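The values are calculated or read from the model by the stated rules, or taken from the named source; none is laboratory data. Everything numeric in this text was worked out from a predicted model, so none of it was measured. Ideal geometry is used to build each Cβ from the backbone, glycine not excepted, and the neighbour counts take in all protein chains shown.
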Amino acid sequence: MTISQLSACIRSVPDFPKPGIVFRDITTLLKDPEGFKTVNEILTKRYKDSRIDKVVGIESRGFILGAALALGLGAGFVPIRKKGKLPAEAIREEYALEYGTDTIEIHKDSILKGERILLHDDLLATGGTIAAAIKLVERLGGTIVEIAFLIELLFLNGRRNLGRENIFSIIKVEKE
């Protein structure tokens, strides 16, 4: 399956969750066995020789591909969740949203100092969530090998906002 075919598997939902936003719904890609398999193969092939210790996925859609990728790499999987969802001792990071703030957390014992981390989420928009995730991983002493996304909305400048070079995305959307 080509990148163009993968992109065509993703449903765009206008005015969700609020007017003016086009939501990229990956459930239509995930229900397609060939599309799901292709995405996992692309990511696994890219990182198979990177000696990844853990894949860290961000709630909630980052869990789906992140967990499958971790299995393919023989790595552990670590979830980053919204505030109040983790049962053991956690550290948290607050980040700005368009209207207000939100908070994400990671278990304190989930990453050991020096472990090689692949950070994954389904979509890069402005970069606020992933910037908070980067801070959490680095506070625990993890070394971020790369940050991987299924989709990158280029017109929102998330990559530039993060100021990092180690970012990979499969599908790049140039305009709304």
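Could you say whether any residue in the range 100-123 is surrounded by fewer than 19 Cβ atoms within 10 Å (Cβ to Cβ) and under 19 Å from Phe168 (Cα atoms)? The answer is yes; a qualifying residue exists. The residues of the range 17-49 that are loosely packed, with under 13 Cβ neighbours inside 10 Å and among the small types (Gly, Ala, Ser) amount to a single one, Gly20. Limited to the range 100-109, what total is found for residues that are assigned to a strand (DSSP E or B) and farther than 17 Å from Ser60 by Cα? The number of residues fulfilling the criteria is 2. Being out of contact with any Ser or Thr (no Cβ under 7 Å at 6 or more places or on another chain), at pLDDT 95 or above, of a type outside the set (A, V, I, L, M, F, W, C) and over 14 Å from Glu93 (Cβ atoms) is the filter here; which residues of the range 122-163 pass it? Listed by number, the residues that qualify are Asp122, Gly141, Thr143, Glu146.
With the condition being under 14 Å from Asp122 (Cβ atoms) and not polar (S, T, N, Q), I'd like the helices (runs of 4 or more DSSP H) fully within the range 1-99 carrying at least 2 qualifying residues.
In the range 1-99, the matching helices (runs of 4 or more DSSP H) lie at 27-30, 33-47, 61-73.
Filter the range 72-99 down to residues that are within 13 Å of Leu140 (Cβ to Cβ) and among the charged types (D, E, K, R) and give me whichever is surrounded by the fewest Cβ atoms within 10 Å (Cβ to Cβ). Residue satisfying both the conditions and the ranking: Glu89.
The residues of the range 128-158 that are in contact (Cβ under 8 Å) with a residue 40 or more places away in the chain and small (Gly, Ala, Ser), listed by number, are Ala133, Gly142, Ala148.
Taking every residue in the range 57-73 that is touching a residue at least 60 places away in the same chain (Cβ under 8 Å) and among the basic types (Lys, Arg) and pairing it with any residue that is part of a strand (DSSP E or B) and surrounded by 20 or more Cβ atoms within 10 Å (Cβ to Cβ), at least 6 positions away or on another chain, the pairs with Cβ-Cβ distances below 6 Å are Arg61/Asp122. The criterion of being under 17 Å from the mean Cα position of the chain (by Cα) and free of Cβ contacts under 8 Å to residues at least 60 places away in the same chain does not hold for Ile26.
Determine, yes or no, whether Phe77 is within 27 Å of Ser12 (Cβ to Cβ), without any contact (Cβ under 8 Å) to a residue 60 or more places away in the chain and of a type in the set (Phe, Trp, Tyr).
Criteria not met by Phe77.
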